[in-house]
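First up is the structure itself, then whatever we jot down about it.
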Amino acid sequence: MIVINDDIRVMKQEFKGKSYVSIRKWYQDNGEWKPGKQGINLKMEEWEEFLNKLEAIKEDLKA
């Protein structure tokens, strides 16, 4: 698991035999960190496509 900041985390997850990258907001409940409803799960192919387009995304966001 990679912690982006206190409440955003990225991790690899398995579901029904398939791998996903989960980017999710977390929250604290009585001192315990729990995953929230806000987030996205990307198939590994989608994650690779995202990474391949990351520079174009960065440039577009600067405009």
Test for Val3: is it of a type in the set (A, V, I, L, M) and touching a helix residue (DSSP H, G or I) at 6+ places or on another chain (Cβ under 6 Å): no
Subset of the range 1-41 [in contact with a strand residue (DSSP E or B) (Cβ under 7 Å, 6 or more places away or on another chain) and polar (S, T, N, Q)]: Gln13, Ser19, Ser22, Gln38, Asn41
Complete set of residues in the range 16-34 that are without any contact (Cβ under 8 Å) to a residue 12 or more places away in the chain and either in a strand (DSSP E or B) or surrounded by 10 or more Cβ atoms within 10 Å (Cβ to Cβ) (or both): Gln28, Asp29, Glu32, Trp33, Lys34
Qualifying residue in the range 43-61 (condition: touching a Lys or Arg at 6+ places or on another chain (Cβ under 9 Å) and exposed (fewer than 10 other Cβ atoms within 10 Å of the Cβ)): no
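Values quoted throughout were computed directly from the atomic coordinates according to the rules given, and no laboratory measurement underlies them. Keep in mind that what you see is a predicted model, and the values were worked out from it rather than measured. Methodologically, a virtual Cβ is constructed for each residue, glycine included, from the backbone with ideal geometry; neighbour enumeration extends over all protein chains shown.
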